Each structure stands twice: as C-alpha cells, then as structure tokens.
Amino acid sequence: MSKFIGILTAGGDSPGLNAAIRGVGKAALVYHGMHIVGFRDGFRGLMENRTTPLDRGNLAGILTIGGTILGTSRDKPHKMPVGGKMLNMLDTIVANYHGNHLDCLVCLGGGGTLKNALRLKQAGLNVITLPKTIDNDVAGTDTSFGFDTALGIATEAIDRLHSTAHSHHRIIVVEIMGHRAGWLALGAGIAGGADVILIPEIPYDVDSVAAAIRARARGGSPFSIVAMAEGAVSKQDLEAIAAAEITDSKTAKVKDGRKSDNQEADAAELVYADRTLRLAKKLEALTGLEARVTILGHVQRGGAPSAGDRILATRLGTACADLIAEGTYGVMVAARGDGTRSVTIEEVAGKVKTVPLKHSLIASARRVGTNFGD
Ligand code: F6P
C-alpha cells in the first residue's frame, strides 16, 4: 500500500525550503510511489486543514526559488490565536492528520518546530523534521539549510561595507541575524575580515572594542568593521539586566495586578533594544572616529538558496523520504559529514546549538588579530 505523507514549513522562512520540499516530494512521489499533500502556513494550515496537492507539476521549477511555496507561520499547535484567544488546538490537528489519512507528517523548521513536532509525536502522530534555519542553531546536526546562503549574503555585505568604511575612515557596525547564537556573525565576520566580531556567547566590553579600534587607527587603519550578532550583549548590559531583575523582584513584582513571571525577559528586551546603535554611539565617543550602523535584517533570509543549501536540502529531503519508506518516524534528519543520520526528536528538541567557546573558528579569528570584545 502506498503511503500518504503531509508536509509543512514552519517558523521563519529560509533559503532552501523549496529545495527541501522538492527533495522530499520527488523522492516520495517518483522514487517511492507515495502520495504527498502540502499544508499551508505551518501548523496553522494543518489546524485549519488548508491543503494543497503536491504533484510532479508543482514540485518542478522550485529548486532555485527563495521562501516557501507552502507559506509559513510561527503558530504553535498548543497555543494558537483563534478568535482573539490563545487555544490549544492539538486535538484538531490530530483529527486533521487522520482525516487526511496521513502515515507521516514532515515538518521543515528550526528549534521551535522541533518542540512543536515533539508535541505531535507525544500525541501519537508520526512526524519527521528537517533542520532549517539561517541561524545554524539546531542541535544534533552539523548544519541546517539556509545558513550557507545567509552566510554568503552577510559576507558580501561586509565586503561592500569595507570599501566605504575605508574611504570615509569610519567604523561600521553591521548587525547580523542569528537569534541567540553567533554562528552567522562569526562565519561572516571571518569570511569578510571583520576587525571585531561580537557574538552572544562572549559578552563584550565596549572599552576593549574601542581599544582595538584605536590601535588599528594608530597602526594606519583609521576604519574598522564590527560584525555584531543580533544577540550579542555587552558585559555592562548583562549587569544592567541583573540589576533590573533585582529591582524588579524587590519593588515591581506585581504588574497589572498579576505577578510578572518573566522579569528577566522584560529586562532583556529593554537592553536588546537599539543596542547596535548604542554601541556605535559609544564607539564614536571612545575613538573619535565617525560610526555608522547597517542592520542586514531579513535580506539575509530572502532570495535564491546557495548551491550548498540546494545540495543540503536535497540530501536531507531525499533521506527523509527513504526513512518514511522504511517506516522510521519520530526523528529529525540530521546532516553528519557527507551523509545523514536520524536522531530522535526528544534528543534535540529544546536544545540550542551555540558556538562553543573553544571552537576552532574562534581560535583562528583570534590568530588573525580579530577582537571579540573580551
Ligand atoms: O530564526 C531565524 C531568524 O531570522 C533569526 O535570525 C531572527 O532573530 C528571527 O528569525 C527574526 O524573526 P522574524 O521573522 O519574526 O522577524
């Protein structure tokens, strides 16, 4: 009996999603003779039973296209906004899974998707996930599709910023995505020859950054590129977060008549706001050089996937179809070396792969004189 599989894309979009849909879809349809249906807009489409048939026709020509032909959303099965309320829609999702006669649901996504897939697994559904994120922070896999493309875009941006920083004798602070992991900033910083790389894993000291920039200026290079991960935080700001927590717990524990259960997040939100601009201003004051800020933002997520991401997504996608054919469910298809490996969703859900402090890339960057603000 041929199997029926469903597929959805969830969380932030990322280059390579369509290549993965094609990889799973073509291998499932053509090689294994299965049936496949797409759900629109992530878990919301599954909850609303909004399906789209996937056949040879609409799987063709999507390998090189950015975004996702299925659409995506950050909605969670157990906490979905419905009619102005946050509702647990797991039962509806389970019903729609069975209503579509699925043997397996393939979820393409990052850390959030893994946690959602685990909920579906615990509800008795057969699920498989593929690691997708430009942040490269999914645990248990060497890398995720989307990362290589974003790395290329961020590197090209740094290359371009270099010539203008050089011409105007300026500091340019370039903010690079990555959520709370520094992989993108570290990679692009090294590839683009950034003078300073700031990542969340290494809290920075503004004075150390300024001293490195002043030393460069004294050595005849009165310009600098600072590659700053969006999650990077200064030692000073960390102290401010800690102080806000203490004050909050002493004085403002009750907000709007209820106890705030998220004081750390509230304090962190204040600290993260505008931190790139604040850093640039401080560096101007401490170095006497003009500073500018470039926030790369969603440019890093848009457009065609790199060759590397097309290959990775095809490798993971086709391996996923093979696993379904052999009846292996409840796993993430991880990239390991030149091949793939299945790891249970329990092993990786809820874990974030950050940059280890002893990572060889950090050591290499230090050897070529890069400052990490520590
Ligand atoms: O996880 C991918 C990512 O692009 C992060 O790098 C970034 O912090 C976040 O998503 C942005 O999310 P949104 O799509 O909600 O703007």
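The values are calculated or read from the model by the stated rules, or taken from the named source; none is laboratory data. The structure presented is a predicted model; accordingly, all values stated were derived computationally and were not measured. FYI the Cβ positions are ideal-geometry reconstructions off the backbone, even for glycines, and counts take in every protein chain you see. To get the accessible areas, we keep the full protein, side chains included, count just its heavy atoms, and leave off ligands, DNA and RNA. Shrake-Rupley method; radii C 1.70, N 1.55, O 1.52, S 1.80 Å.
Counting pairs of alpha carbon atoms under 8 Å apart in space and at least six apart in sequence, what relative contact order in percent does the chain give?
Numbers: 814 pairs, mean separation 88.6, N = 374.
Reported relative contact order: 24 percent.
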(request) Tell me what the chain gives for mean residue ellipticity at 222 nm when only DSSP H runs of n ≥ 4 count, each as -39,500 (n - 2.57), the sum divided by the residue total, rounded to 500 deg cm²/dmol. (result) -13000 deg cm²/dmol
(message) Ranking request for peptides 341-349, 169-177: highest mean number of other beta-carbon atoms within 10 Å first, then the rest in descending order.
(response) 169-177, 341-349
(request) Report the label-to-label distance for LYS358 and HIS98 in nanometres (one decimal), using points 7 Å from each Cα along the Cα→Cβ vector. (result) 5.1
(request) Please give the peptides 361-372, 304-315 ranked by average Cβ packing (other Cβ atoms within 10 Å per residue), highest first, as a rough proxy for protection. (result) 304-315, 361-372
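Averaged per residue, what accessible area in Å² does the range 96-249 show with a 1.4 Å probe, protein chains only? Could the numbers behind the result be given before it?
Values: 5070 Å² over 154 residues.
On a per-residue basis, 33 Å².
Rank by packing, highest mean first: peptides 6-15, 236-245, with packing defined as the count of other Cβ atoms within 10 Å averaged across residues. Walk me through the numbers before you get to the answer.
Values: 6-15: 26.7, 236-245: 15.3.
Order by mean packing, descending: 6-15, 236-245.
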(request) Roll a 1.4 Å probe over the protein chains and send me the accessible area per residue for the range 321-374 in Å². (result) 53
(message) Please give me the summed charge of the neighbours of ASN18: other residues whose Cβ is under 13 Å from its Cβ, Lys and Arg +1, Asp and Glu -1.
(response) +2
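Can you give the charge dipole size of the chain about its Cα centre, rounded to the nearest 20 debye, using +1 on the beta carbon of Lys and Arg and -1 on the beta carbon of Asp and Glu? List each step's numbers first, then the result.
Working: 42 positive and 38 negative charges, 32 e Å.
Here the size comes out at about 160 debye.
So if I take the alpha carbon set of the range 66-182, get Rg, then get Rh from the Kirkwood formula, what is the Rg over Rh ratio?
Numbers: Rg = 19.5 Å, Rh = 17.2 Å.
Answer for the range 66-182: 1.14.
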(request) Kindly provide the pair-distance distribution of the chain built from C-alpha pairs, with 10 Å bins from 0 and whole-percent values in order of increasing distance. (result) 5, 22, 27, 22, 16, 6, 1, 0
(request) Heavy atoms only, probe 1.4 Å: what % of the accessible area of the chain goes to carbon and sulfur, would you let me know? (result) 53
(message) Positive end of the dipole of the chain, charges at C-beta (+1 Lys, Arg; -1 Asp, Glu), about the Cα centre: which of GLY182, SER364, GLY337 has its Cα farthest in that direction?
(response) GLY337
(message) 7 Å from Cα along Cα→Cβ at both LEU277 and ARG74: what's the point-to-point distance in nm?
(response) 2.1
(request) Give the dimensionless ratio obtained when the Cα radius of gyration of the range 1-158 is divided by 2.2 N^0.38 Å. (result) 1.03
